[in-house]
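Enquirer: Questions regarding the structure given below will be posed in turn.
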Amino acid sequence: MACGPVLSEKALARFRTKPCERLLAQGRCHFQEKCQYSHQSWVRRSPLKVNYKPQMCCAVGCEDRQCPFAHTQEEVLYHPLNYKVSLCKGCKAYYCPFAHGADLRQAAEVKAILANSEEEEEDVDFHRFDDRLRILREDWAGGSSRGLRGEIWEKSAWRSCLVRTIHYTRAQRKEADQIMRELRVWTKLAQAKPLAMRRSVASLCVAWPQGGDLTVERAWGPRRAAALLWQLAGQLRKLHTAGIAHCCLCPRNIFLKGTKCEFKLGDFLPKLRLLSALGGKEEDLDLWLPAEVHQKLEEARRNPKGQALDFFAVDLWQLGAIGLWALTGHEPRRRADVQKLVKLDGSELTRVIAALLDDVPSKRPCAAAVRRRLGEDSILGQVDLPEDPSRSDREEPSLE
């Protein structure tokens, strides 16, 4: 987004003090030199937050965000002591740091403004998403599929949280609008309430309380697996009744609340990538997806306006994949023959999982039917779990 070419004192304090999210999301920014956000690896520090001089630092490899000297030409030229205090000798820059006549500032006037300004503390370790949400700089730069470490401002104090974020391009704005509409409905229906939801010009963010997801080293056993499926089916039923498909069921997106067998389904930000890919755009999908989705993605590359995908059936397949993972420790892309498991075990739980993983989408039982079938199984009435969710007090069925 472009500001006016002459920056006010307030705009100058904020100018390019945040990284450009479009550049992070798309690898480029169509505003180019008119962008008011930083395109450099060293993001400009606000002189109102860090008291540094407009002279370049001489220390080799200095990365101290509190360093009393400038680290880039932006910090030198757009420092209040230098900005518009001398006349331009001829340039074509949109945000020219030199004066062009009427905008010339007097050095004494600038010093008086700085002397009367209230200094704020620089967030050295955090990238400020907005005034109430900030993300650890190293996580923001590197990214993580399991979430970023952050802090949210609550009750006059910063509280640690897990931030899940996804970047989007201008071409994906329609998909981003859909995800935000569905997220607002989901927060009214879901048992798991996020701490906050945010949207910026190129990013969507959902902040969660800190806590572990369900990724564990080994299988759980039938009682816990049945409780997991029964609860997730109930949450999916509410979403499907509201006309919303989740499409992002996987262990790292399901939370265990407290010490009891209480499972909460997380957000569905990565669904944006799936919607975009089905529109014919190239996407790197990190989701558990059934065969029909991969087929549709191939078709979408040739004909983006082809037959629509049954997203609710995708949810049901992912529900079965979660059940298989909980019961055996196998991910869907590496699973053995489910029918073999049914023959070995023969329980209603394994028959439900096999039905959910059916290759024909229309044959998969709906979420309400899954709840009904598992509710009639006596195994669900035996759930009384220990505090450690990775332990199992029953022998897991084997695929060998």
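Enquirer: Can you tell me the accessible area per residue over region 1-109, all protein chains present, probe 1.4 angstrom, in square angstrom? Walk me through the numbers on the way to the answer.
Expert: Numbers: 6000 Å² over 109 residues.
Per residue, region 1-109 has an accessible area of 55 Å².
Enquirer: Could you work out how far apart the two model spin labels at residue 125 and residue 308 are, taking each label as a point 7 Å from the Cα in the direction of the beta carbon, and quote it in nm?
Expert: Result: 4.8 nm between the two label points.
Enquirer: At a Förster distance of 22 Å, what's the computed FRET efficiency of residue 241 paired with residue 177, Cβ-Cβ distance as r, to 0.05? Don't jump to the answer; show the numbers that get you there.
Expert: Numbers: r = 22 Å, r/R0 = 1.00.
My answer for the efficiency is 0.50.
Enquirer: Over region 24-94, what relative contact order in percent results from Cα pairs under 8 Å that are six or more residues apart?
Expert: Details: 50 pairs, mean separation 21.0, N = 71.
This gives 30 percent for region 24-94.
Enquirer: Between residue 53 and residue 14, how high is the FRET efficiency from 1/(1 + (r/R0)^6) when r is the Cβ-Cβ distance and R₀ = 22 Å? Nearest 0.05.
Expert: Details: r = 20 Å, r/R0 = 0.91.
The computed FRET efficiency comes out at 0.65.
The values are calculated or read from the model by the stated rules, or taken from the named source; none is laboratory data. Remember, predicted model here, so these are calculated numbers, not experimental data. Heads up, the Cβs are rebuilt from the backbone with ideal geometry, glycines too, and the neighbour counts pull from every protein chain shown. Surface areas here come from the heavy atoms of the whole protein model, side chains and all, with no ligands, DNA or RNA. Shrake-Rupley method; radii C 1.70, N 1.55, O 1.52, S 1.80 Å.
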